[in-house]
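The values are calculated or read from the model by the stated rules, or taken from the named source; none is laboratory data. Just so we're clear, the structure is a prediction, and the values are computed from it rather than from any experiment. When we count neighbours, we look across all protein chains shown, and the Cβ atoms used for this are built from the backbone with ideal geometry, even at glycine.
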Amino acid sequence: MTLPRAYEDQLVERAKQDADAFGELYDHYFGQIYRFVFSRLRDQEAAEDVTSEVFFKALRAIGRYKPAGHPFSAWLYQISVNAINDHYRSRKPTSSLDSAIAVADPARPVDDRVVDSAEAARVWAAIDDLPPQQRAAMTLKLGEDLKLAQIGEILGKSEGAVKLLIHRGMIGVRLRLGVVVAVEEQL
Amino acid sequence: MAWMGGWFDPELEDLFHGEPELLETAQQVRAARPRVEPDPRFQNRLRAQLVAEASRGAAARGVRRWWRLGPAHFAWGGAFVGAALITATVLTFVSNHNSVQTVTGFSQLTAQHQVSPNQVITVAFNQPMNEQAVEAGVHIQPAIKVTYSWKDNSLVISPAYHLAANTPYVVTIAQTAIRSVSGASATAPINITFGTAPTPTPAPVAPPSLTPVVLGVNGAAGSLLFAPDGSVVSTVGVLPGSATTSPSPSPTASPASATPTPEGVITQAPAVPGALVEYPATGTPTQLGPQASAAAFSPNGRYLATAVDDGNGGSKIFASQSNGQQADRLIDSATPVTALTWVSNDTIVYTDGTSIFSVDLSRARKTLDTLPVGTGTITALVPGGTYAYVVPAGGASGALLDWSTGADQTLQGATDDVAFSGDGQTVAWIDESSTPSRLLTEAVGSQGAPTMLTTPDQTASPSDVTLDQSGNEAAYLSTNAAGVAELVVAQIRSGTPLAIAPLTDVSQLTLSPGGDRIAFVSNTGAGASIEQAPVPGASAAQTGSQIPLDANDTLQQFVQAQVGQNGQPDLDTLAALSAAGVDAASSTPQNLSRAYIINTYVEPDGGVLASIELIVDPNAVHTTARVASETILLAQQATGGYLVTSASTTQLRDESAGPHVVQVSSTTTAGVTTLQVSFDSDLDPSTVADAISVVSQSGSTLPSTAVYDADTRTATVTIANAPSGTLTLDIATTLDDFEGQALAHSFAAQVEASS
């Protein structure tokens, strides 16, 4: 759910001077930013730390923010992507290609597989293994249902480039889940 | 496949048109996406903090421009404000509540990591408070003594001895204590979490220079040595005929005319060249004997041995009282004696370059060893021992020869620039096989790797090395690429310069046994003069826990890189400072705020062991500081620098309540070893001395005294006549802070005492 653009622009302008207006922006976007961050980190404490960082950065930088035709959420996502990437750079890898492949069973029907919460985690672990830009594009598309154009605004890329990232990302996920490997072995 | 389980995304439908397997994977990924609802308590708390910070910005700066301040101004303002009073940042904030009925408290320190240690802690309330109740509910961890005052509705908490530097703090005010005058209360306790900035590192202080005094005139070449009474002796000294003093100084020295001294100019008659001359610090030089090719005082200082040219291509060896009186010819050598030393108080060892002989005061003579023809030349004898330095004929690295066993100790790259400590335990030499050349030291008889002395200018070449009696101090010339030379006196262990003087054309550097004076020959166009200078840093020179400068640099940079900035380690620097196979990045915990280097210790093999604690400051979510213990080993590389060769780090854990040791250092001065133990809390002084003990390597507890300084939160432990080597500092949990909290955990650290 997005705010009407005109209202959001006014709210952002007010938030530059008015704490309550910033609070209203926070109320509106906190949930989706938190969920986006959590979907990438899958750790409550880390998600809370990074979400806090995102909003404090937004607060400190909002004076310089100019809508430029983009929704405010795109800016928040942009901050989130950077914060998440920073977080990943600073930590040890928690998943590996091997572990993702180990649990994937391409012979099972998709629906059966996704009801398995452990496998759900493995599916997203496969996304974790993707290069950062592919990872971000995949998460924004399949985790947040954003439009390609919105993702392009967040990542600073053209819509075509986002398509390419998602296409490559999807192939990468299949590879990590063992699907492509299995096909190649059959061949 | 327009619909997949109720989900339809036309963009992906279009993107994966003709690739149904990819669309299916997209469905799988989307169906597996994590769905979680945030913790409402976190959501509310974060909102309160954000709104409070926004409000503070608006109130403090006016409603127009507060947000335009950069992060450094905005977040870290407290770090440079000093003792300025602070207001704001909501800690207990309940939106949609009547602020008169609900107490809210604010402190700007919250979430700051670089608060000045001189800062006071201010908590601003939204209404007049029951001051006594609030003060009674304040708890600060680590415990510090404070005084309270009120300014309007703000509680000002002033540390009695300032905040500890580089320390995470949690200030808690119990919910039940937060009561207003009107009876309103808070909905939650107040937790103020912040960290303090490190104490600024003092700017490096340039080592002092030398102020030489001319003692007299020297002949050509020869050598200098210190007599037991502190006088300087030259084997080729020039005894003045007579001297008068005029009051005005002269900028130039002339051995035959005028010599500048602090007292004025000594004008002298033509001198008598070529003698063994003693130059006292004050007074007239005296002749001890004829010019000598070698001279040495016995270990007990009572005797002087000299080798004198017999005029027939050989030498005569004399032994006399240390003042040159009662000279007794011990033996004649058919070949010229080039070096001699004492191996005991009654036996002299000497060499003619090919063979090693001994002669005792009863004139008993032995041939100890003879080099095979053409294998090399003996150029020096190690005092008190069984070693001789041999320069091989082929020009390869010289070696120490143990003439009692025939064993060799190769000195890498050594040629003729070799020196020994007066006790014969340490050898120093110039490795001329590297560019620039290096100054290496090693224990005599050791088969380990030598240690490179860190020189102030690492692009310069050291030369003319000499050592003091115990091998703690070295003096050498350091010549840069432009040919400019400096005389450097430095501690061997750390390389720390004790004095640097821009002296050119000097030679025969000689340190006094205690290292507190240096003598040398200054060569000018007018001749050679013997000069002496006190070493300014030597009287305060300390040995012990100081580690080599390069090792310290690497350690500091490594730890700083682990902390990084904004919780992100500097991975590039970590990699650059790590040896192959050390993955410091993966062992470094996330989101570090600070680190303590608790203790450093030089291992017997020259490696440096460091104990470190890595800290994550508490925050609104996790109100306890977290700590990981780390042990780092640094080793010197062939190129001279140090790298981290191992890093072992525990998992982060919550910091235990109670005082903690934050730093240990040891120094030894004039035989007294002093340990400085710093804490993060204000201690109960009566518990300090009994809780601290020092144990020797043999396991015996050493007599010690401990004095606690409240201002610096430091206990000074003094041990007289501590045995050299490793000591263990133990601190028991009977040590309490002033609130009665016991030391968070017992503490033990290795420290070093040096004679």
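Answer yes or no as to whether residue B:624 is within 14 Å of chain A (Cβ to nearest Cβ), surrounded by fewer than 23 Cβ atoms within 10 Å (Cβ to Cβ) and in contact (Cβ under 8 Å) with a residue 60 or more places away in the chain. For residue B:624, the condition - within 14 Å of chain A (Cβ to nearest Cβ), surrounded by fewer than 23 Cβ atoms within 10 Å (Cβ to Cβ) and in contact (Cβ under 8 Å) with a residue 60 or more places away in the chain - is met. Can you find even one residue in region B:408-419 that is out of contact with any Asp or Glu (no Cβ under 9 Å at 6 or more places or on another chain), touching a residue at least 40 places away in the same chain (Cβ under 8 Å), buried (at least 16 other Cβ atoms within 10 Å of the Cβ) and assigned to a loop (DSSP other than H, G, I, E, B)? No: zero hits. Quick check on residue A:161: is it at pLDDT 75 or above, within 15 Å of the chain's Cα centre (by Cα) and away from chain B (no Cβ under 12 Å)? For residue A:161, the condition - at pLDDT 75 or above, within 15 Å of the chain's Cα centre (by Cα) and away from chain B (no Cβ under 12 Å) - is not met.
Tallying residues that are assigned to a helix (DSSP H, G or I) and either outside the structural domain of residue B:647 (by TED's automatic domain parsing) or farther than 30 Å from residue B:193 by Cα (or both) within region B:566-604 yields 3.
Within region B:120-176, the set of residues being of a type outside the set (A, V, I, L, M), surrounded by 17 or more Cβ atoms within 10 Å (Cβ to Cβ) and assigned to a loop (DSSP other than H, G, I, E, B) comprises B:126, B:130, B:137, B:142, B:153, B:162, B:166, B:167. Cβ-Cβ distances below 8 Å connect the following pairs, each with a first residue in region A:66-81 that is more than 20 Å from residue A:143 (Cα to Cα), a second residue that is modelled with pLDDT of 85 or more and outside any loop (DSSP other than H, G, I, E, B), and a separation of six or more residues or different chains: A:67/A:12. I need every pair where a residue in region B:292-313 that is closer than 13 Å to residue B:332 by Cβ has its Cβ under 9 Å from the Cβ of a residue that is surrounded by fewer than 20 Cβ atoms within 10 Å (Cβ to Cβ) and β-branched (Val, Ile, Thr), sequence separation at least 6 or different chains. Note: pairs meeting the criteria are B:307/B:338; B:313/B:335.
List every residue pair whose Cβ atoms lie under 7 Å apart, where the two residues are 6 or more positions apart in sequence or sit on different chains, the first residue falls within region B:553-580 and is without any contact (Cβ under 8 Å) to a residue 40 or more places away in the chain and within 11 Å of another protein chain (Cβ to nearest Cβ), and the second residue, located anywhere, is assigned to a helix (DSSP H, G or I) and crowded, with 19+ Cβ neighbours inside 10 Å. Close Cβ pairs (under 7 Å, with a partner that is assigned to a helix (DSSP H, G or I) and crowded, with 19+ Cβ neighbours inside 10 Å) amount to B:569/B:561; B:569/B:562; B:569/B:585; B:570/B:561; B:571/B:585. Within the span defined as region A:39-46, every residue fails to be modelled with pLDDT under 85, in contact with a Leu (Cβ under 8 Å, 6 or more places away or on another chain), more than 10 Å from chain B (Cβ to nearest Cβ) and under 30 Å from residue B:589 (Cβ atoms).
So, residue B:724, is that one under 29 Å from residue B:117 (Cβ atoms) and free of Cβ contacts under 8 Å to residues at least 40 places away in the same chain or not? It is false that residue B:724 is under 29 Å from residue B:117 (Cβ atoms) and free of Cβ contacts under 8 Å to residues at least 40 places away in the same chain.
State whether the residues of region B:733-741 include one that is within 25 Å of the chain's Cα centre (by Cα), at pLDDT 90 or above and assigned to a strand (DSSP E or B). No, that holds for no residue. Residues that are of a type outside the set (A, V, I, L, M), buried (at least 19 other Cβ atoms within 10 Å of the Cβ) and within 21 Å of residue B:391 (Cβ to Cβ) within region B:314-359 comprise B:315, B:333, B:338, B:341, B:350, B:351, B:352, B:357, listed in sequence order.
Criterion applied to B:478, B:512, B:461, B:529 was being within 29 Å of residue B:221 (Cβ to Cβ), surrounded by 20 or more Cβ atoms within 10 Å (Cβ to Cβ), under 22 Å from the mean Cα position of the chain (by Cα) and among the hydroxyl-bearing types (Ser, Thr, Tyr), and the one residue passing it is B:478.
So for region B:335-342 (the condition being assigned to a strand (DSSP E or B) and over 45 Å from the mean Cα position of the chain (by Cα)), does at least one residue qualify? No, there is no match, as no residue in region B:335-342 is assigned to a strand (DSSP E or B) and over 45 Å from the mean Cα position of the chain (by Cα). As for region B:652-670, it holds at least one residue that is within 14 Å of chain A (Cβ to nearest Cβ) and surrounded by fewer than 16 Cβ atoms within 10 Å (Cβ to Cβ).
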